[in-house]
1. On the given criteria, is V157 under 13 Å from L265 (Cα atoms) and open to solvent by 10 Å² or more (accessible area, probe 1.4 Å)?
2. Given the criteria among the aliphatic types (A, V, I, L, M) and within 13 Å of ligand 2 (Cβ to nearest atom), does L265 qualify?
3. I'm told E320 meets every condition in (1) within 30 Å of N260 (Cα to Cα); (2) open to solvent by 30 Å² or more (accessible area, probe 1.4 Å); (3) within 16 Å of ligand 1 (Cβ to nearest atom) except one. Can you identify the failing condition by its number?
4. Pick from the stretch 191-230 the residues that are open to solvent by 40 Å² or more (accessible area, probe 1.4 Å) and without any contact (Cβ under 8 Å) to a residue 24 or more places away in the chain: which of them is farthest from ligand 1 (Cβ to nearest atom)?
5. Return yes when D254 is open to solvent by 20 Å² or more (accessible area, probe 1.4 Å), of a type in the set (D, E, K, R) and farther than 26 Å from Y138 by Cα and no when it is not.
6. For the stretch 281-293, does any single residue satisfy the condition of being in contact (Cβ under 8 Å) with a residue 12 or more places away in the chain, over 22 Å from the mean Cα position of the chain (by Cα) and open to solvent by less than 30 Å² (accessible area, probe 1.4 Å)?
7. Looking at the structure I just gave you, is R180 more than 15 Å from ligand 2 (Cβ to nearest atom) and modelled with pLDDT of 95 or more?
8. Only one of R180, R173 is open to solvent by 20 Å² or more (accessible area, probe 1.4 Å) and more than 16 Å from ligand 1 (Cβ to nearest atom). Can you tell me which?
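The values are calculated or read from the model by the stated rules, or taken from the named source; none is laboratory data. Remember, it's a predicted structure, so these values are computed and weren't measured experimentally. Note that each Cβ is placed from the backbone with ideal geometry, even for glycine, and that neighbours are counted across all protein chains shown. The area values use the complete protein model at the heavy-atom level, side chains included, leaving out ligands, DNA and RNA. Shrake-Rupley method; radii C 1.70, N 1.55, O 1.52, S 1.80 Å.
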Amino acid sequence: MAYADLREFIHALEQHQELKRVSIEVDPILEITEFADRAVKRQGPALLFENPRGSAVPVFINGFASARKMELALEVDSVETVARRISEYLEMRMPEGLIGKLKMLPRLAEMGSFFPRVVGKGPCQEVIRSEGFSLLDYPVLQCWPEDAGRFITLPLVFSRNPDTGKRNCGMYRMQIFDPRTAGMHWQTHKQGAEHYRRLGAHGRSRMDVAVAIGADPATMFSAILPAPPDLDEMLLAGFLRSSPVEMVKCQTSDLEVPANAEIVLEGYVELGELRAEGPFGDHTGFYSLADDYPVFYLTCVTQRRDPIYATTIVGPPPMEDFYMGKAIERIFLPLMRLQLPEIRDIHMPAEGIFHNLMLVAIRKSYPGHARKVMHAIWGLGQAMFTKCILVVDEDVDVQNVREVAWKALNHIDPERDIQFVTGPVDSLDHSSRLPNFGSKMGVDATRKWKEEGFTRPWPNEIRMTPEVKRRVDELWKAAGLL
Ligand SMILES: Cc1cc2nc3c(=O)[nH]c(=O)nc-3n(C[C@H](O)[C@H](O)[C@H](O)COP(=O)(O)O)c2cc1C
Ligand SMILES: [Mn+2]
């Protein structure tokens with residue numbers, strides 16, 4: 001059964017000894033970060049701070065901060081189960097004959113049941129605060145010492161594409177400027193920014209935005225999925241939880257938000273108005289520099305009677321977002337393979353912060369194949385940001401970084417096998433020559449073929465024969481070895 005809301009998830013974590021309640025007073029200014037950082041680095045429990053300094057609202061953090069917690073969040077024994085479910089849908093073809101078609105009906109009906117549903121009321125509107133509200137009523141963290149202020153770090157930011165009417169939900173941090181305004185840090189490649197640009201082109205002056213904080217875990221997770229534009233994240237959340245997301249209409253706009261949310265910030269962004277946002281201790285492990293971003297004006301708050309404030313911290317890896325990203329890596333592999341079936345596996349190690357490094361194993365079938373795969377990845381949604389793509393043959397286990405390093409370093413002739421390209425880079429890249437524009441590197445670490453101009457013989461990898469292995473298995477003990 002899908003979690004009804006955040007608190008059911010918290011309860012499940014507690015039942016699995018994956019939650020620690022902290023009843024002593026802890027400061028949302030820096031102290032919660034230090035707790036959360038230590039907990040995630042030790043694979044420790046999620047934390048519920050029941051008594052954050054300066055607010056009556058508890059703080060929930062690290063709910064996704066390990067492989068096990070991600071499994072609990074998605075209600076699976078392994079996130080591979082989600083990947084398999086996706087593969088099954090992708091492989092579904094219209095069967096021959098009436099019987100076959102009838103058999104498929106339940107599957108199609110199931111698919112139809114994932115669509116979000118608008119309901120008349122929801123717990124997120126138990127309390128409607130149309131006056132006297134302030135962003136500072138909530139225990140919003142200052143994460144790191146050099147941060148420009150307090151940042152809402154786990155917001156589900158809803159907006160609508162003015163041309164297609166389609167909804168988008170993305171996670172874009174919000175720096176609190178004052179009680180009623182905040183930064184809206186949608187980077188230029190993201191859908192929120194695209195909606196903003198399109199509204200500008202229509203000559204409009206305001207863009208409605210609604211922000212949900214705290215919801216059932218699949219819905220929260222869906223906000224970070226690198227989904228194609230105009231694919232509703234709420235549909236993906238419905239698929240992940242096998243149950244539709246219930247949405248309620250906002251009080252002050254036509255947007256809808258998850259009915260089960262803890263807190264909803266309704267408001268708008270004034271087109272053309274930018275304000276300096278940051279610095280912010282980011283998931284690269286470095287501070288992202290101050291830059292100009294749109295301003296969100298808060299017009300109304302709706303919330304539960306006893307809301308829980310959900311948040312996260314990012315910083316030197318691995319942090320909570322690494323485990324969320326790892327789940328995305330697994331879940332999106334079947335979708336990548338739809339276009340690129342030669343890909344056997346991919347791995348984005350924590351140190352690469354997702355966009356800096358992707359290790360890719362392929363079944364190489366023709367000359368230059370590794371380079372074709374690199375270019376395809378650079379053309380694939382948010383994978384376009386990948387600063388370094390390293391391609392190996394399918395016999396290399398890309399989940400084993402030491403094996404990759406060993407084989408790749410042996411296999412490359414750097415001048416020949418490294419490919420540089422220029423193009424869009426992640427907004428968080430602090431080394432690129434310009435913001436959002438720079439170079440990327442592909443490394444072809446596959447075995448080189450004579451069709452690729454490599455005429456020398458390629459050596460075999462050293463392996464003992466199975467017969468000798470078996471014999472020594474027997475002799476080992478006889479030799480007095482343990
Ligand atoms: C904790 C966390 C914080 C994030 N903060 C931001 C952010 O401030 N700005 C941004 O553009 N993306 C941020 N992201 C990444 C986006 O949520 C992600 O790229 C998402 O796919 C964007 O959705 P969209 O394609 O609908 O725009 C964050 C992700 C996580 C996990
Ligand atoms: Mn989107």
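1. It is false that V157 is under 13 Å from L265 (Cα atoms) and open to solvent by 10 Å² or more (accessible area, probe 1.4 Å).
2. Here the answer is no, as L265 does not meet what is asked.
3. With respect to (1) within 30 Å of N260 (Cα to Cα); (2) open to solvent by 30 Å² or more (accessible area, probe 1.4 Å); (3) within 16 Å of ligand 1 (Cβ to nearest atom), E320 is out only on (2).
4. G203
5. Numbers: open to solvent by 20 Å² or more (accessible area, probe 1.4 Å): yes; of a type in the set (D, E, K, R): yes; farther than 26 Å from Y138 by Cα: no.
Here the answer is no, as D254 does not meet what is asked.
6. No: zero hits.
7. On the way: more than 15 Å from ligand 2 (Cβ to nearest atom): yes; modelled with pLDDT of 95 or more: yes.
Yes, satisfied.
8. Just a single option satisfies the conditions, and that option is R180.
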